[in-house]
Each structure stands twice: as structure tokens, then as C-alpha cells.
1. State the extension gain, in nm to one decimal, for the chain segment bounded by LYS46 and GLN123, taking 0.36 nm per residue of separation less the distance between their alpha-carbons.
2. Using amide H atoms built in the peptide plane, which far-off residues or other-chain residues are under 5 Å from ASN145 H to H?
3. Have a look at THR47, SER107, ASN130 and report the one farthest towards the positive end of the charge dipole of the range 34-182, computed about the Cα centre with Cβ charges (Lys/Arg +1, Asp/Glu -1).
4. Name all residues of the range 112-147 having a backbone nitrogen under 16 Å from the label point set 7 Å from the Cα of ALA2 along its Cα→Cβ direction, giving them as ranges.
5. Number of Lys pairs in the range 92-198 with C-alpha atoms less than 29 angstrom apart, excluding same-chain neighbours closer than eight positions?
6. Could you point to the label whose value was computed as volume of the Cα convex hull per residue in Å³ for the structure here, given [x] 111; [y] 176; [z] 218?
7. Antiparallel as a % of all DSSP beta bridges within the chain, to the nearest 5?
8. Projecting each Cα onto the charge dipole of the chain (Lys/Arg +1, Asp/Glu -1 at the beta carbon, about the Cα centre), which of ALA2, ILE98, LEU117 comes out farthest on the positive side?
Amino acid sequence: MAIRIQSSKKMAGAGGVKIAVHSAAGQGKTMLAATCPKPVVILTEKTGADALSESNIREVFKGKKGITYDIPIIEAYTITDIEAAIEMCRKDKRFETIIFDSVSEMSKLKLKEELPLHKNMMQAYGAMANSVDDLLREMRDDKKNWLFLFHSDENVVYDDEGEASSTVFVPGFEGQKMQKEFPYMLGDVYCMVSTFDDDMKEKRMLRTRQGDTAYYAKNRRGRLEELEEPHIGRVLWKLTKK
């Protein structure tokens, strides 16, 4: 194979932006789809579409710019359907941002599929991790923007003496292997959190750096505020244009 030297200016961002967002249930992750440019949702959770009704979107965003009110949704509740949906969305030129809701549920579906095929449960977990890893890399290496949604899991941190010292909330997977390896796959992992303004009114924000909090988050490009408005279109602009 011939070796080519390419410009970092041309390569940066050439393959689309890949972002993961995790949070506890009910924080509004699915609603982020409405803030994405030309979105399509691959839905693996049967109740997920309820949040994306036009009336709910209008109530939440109240006329903000850059909002999509009629979002195409592909229901994929088996691994076969998920693979077909990924392939279709990658090829369909109508869509610019693909929202995968959720990777946590996909890992459960794959584990359920693998368990009857193995006598040893650890082998089933290993096969699940390998399959999910392959699918995530296929999506990560695609040329479009991808938004991966996760439920948050608690990850206990131990000190040098083996005692539990703290808890960090991380993107959730079935099994430990992918939970440890996934953060290295992407440069942008955010956590949806609740904050309060000066009037003690609750609002949702995207935490893009962990800092001294218990919420795992990072952004490789360093172009974002520690807390960003939960609007993926604006985040994409900051990451690619600013």
C-alpha cells in the first residue's frame, strides 16, 4: 500500500462529528434529536418516540432556531434491524445527522441474543462486546455526524488499597469491557445534567468536561464551554466552524 502524507487542515472534521451523550433517565437526551441538522433517529427503545411528538418539541424549545419538528424515526428492536438501519442511514443523502438511541439498549439486545449460544456466560459477554465494538466503529468511521445516546451507569473508583473512594457516572454498557474501552473511541463525550439559574429555576445543560464533578465528560477540540446549551446544531458549529 502506498503511503500518503495528508494535511491536518484537510483531515480535521472531514469524517463528520461523533458525539456521545449520557445521562440518567428523563433528562431529555432523546429531545436532542430535534436540535440536530437534518436528523434521523435509529430507535432501539420502544418508548423513545413519545418524546419526539411535535407538540412536545414545541413545548420544550418554544420557538428556538434550528429545531426540527417532524423527525424521521427508524424502529430497530433486533440486532438484524439495527444493522440494516445503520446501513440505510449511511447511504441516504437526505440525512446529515444520525441519532442512535440508545447504545446502552443495543448492548442489552446483543447480550440477550448471545446468551443462548454460549455455555459460559463470560463467553456471551465477550461475544457481545466484540459485536457492539464492531458496530460502533462502523458508525464512528462514517462520514456523517453521529449522536450516540446512553443511559448513565455508576462506575466505582477504588483507591490504592482497594477501597471504594468515589463514584463516576459513565456511558452505560452491559459488561465491563466496552464500558472501559468506549471513552477512548470518541473525542467528545458529554453528560446531560440539571443545573439551576440565579432564580433557582432548573434547566438542562450539556457538561463537556468532567472537572471535579462525578460526571464523565470530555471534548477533544477544547472549543466548548464547560456547560453548553443542549443544542447539538450549535455544538457542531462550535466544533467545526469557530
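1. Details: separation 77, 0.36 × 77 = 27.72 nm, distance 2.81 nm.
Net length gain for the segment: 24.9 nm.
2. VAL17, ILE98
3. THR47
4. Hits in the range 112-147 for ALA2 at 16 Å: none.
5. 21
6. Matching the structure shown: [y].
7. Values: 17 of 41 bridges.
Rounded to the nearest five, the antiparallel share is 40 percent.
8. The residue sitting most towards the positive pole is ALA2.
Readers should treat all values here as calculations from the given coordinates under stated rules, not as data from a laboratory. Because the structure is predicted, anything quoted here is derived from the model rather than measured. No Cβ is skipped: glycine too gets one built from the backbone with ideal geometry, and neighbour counts run over all protein chains shown.
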